[in-house]
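Input: a single structure, listed below in structure tokens.
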Amino acid sequence: MNIYNYILENKKKGKKLFSILVDPDKQDKNELISIIEKAKSAKADFFFVGGSLLTNDSLDSCLSTLKEHADIPI
């Protein structure tokens, strides 16, 4: 099941979900790892990744770090 359908299914059931929005341009790797640990503790359901600029290779680096350190869907 993709994330969109998962959100719709849980909405039908009245279940609330918690997502963390990560802006790749605003965190370095160490800050992102800290965010991942906090998200795990908070039992976040998803990471959403995006921002207005997306400079350099920040998106690729951010996604790699999330995939390496988190088991939360992106």
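Can you tell me which of 1-14, 43-56 comes out highest on packing, and rank the rest after it, using the mean Cβ neighbours within 10 Å?
Details: 1-14: 10.4, 43-56: 13.4.
Result, highest mean Cβ count within 10 Å first: 43-56, 1-14.
Angle of helix 58-69 to the longest C-alpha principal axis of the chain, folded into 0 to 90 degrees and rounded to 10: 60°. 3J(HN,Hα) along segment 28-34: 8, 4, 5, 5, 5, 4, 5 Hz, from the Karplus curve 6.51 cos²θ - 1.76 cosθ + 1.60 with θ = phi - 60°, whole Hz, x for Gly and Pro. 3J(HN,Hα) along segment 9-14, derived from phi through the Karplus expression 6.51 cos²θ - 1.76 cosθ + 1.60 where θ = phi - 60°, amounts to 4, 5, 5, 4, 7, x Hz, with x in place of Gly and Pro. Rounded to the nearest whole Hz, the Karplus-based 3J(HN,Hα) values (6.51 cos²θ - 1.76 cosθ + 1.60, θ = phi - 60°) of segment 18-25 follow the sequence 10, 10, 10, 8, 10, 9, x, 7, with x at glycine and proline. Around the amide H of V22, modelled in the peptide plane, lie the amide H atoms of F48, V49, G50, all under 5 Å away and 5 or more residues distant in sequence or on another chain.
Counting pairs of alpha carbon atoms under 8 Å apart in space and at least six apart in sequence, what relative contact order in percent does the chain give?
Numbers: 71 pairs, mean separation 27.7, N = 74.
Here the relative contact order equals 37 percent.
Values quoted throughout were computed directly from the atomic coordinates according to the rules given, and no laboratory measurement underlies them. Computed from a predicted structure; not experimentally measured. Note: ideal-geometry Cβ built from the backbone for every residue, glycine included; neighbour counts use all protein chains shown.
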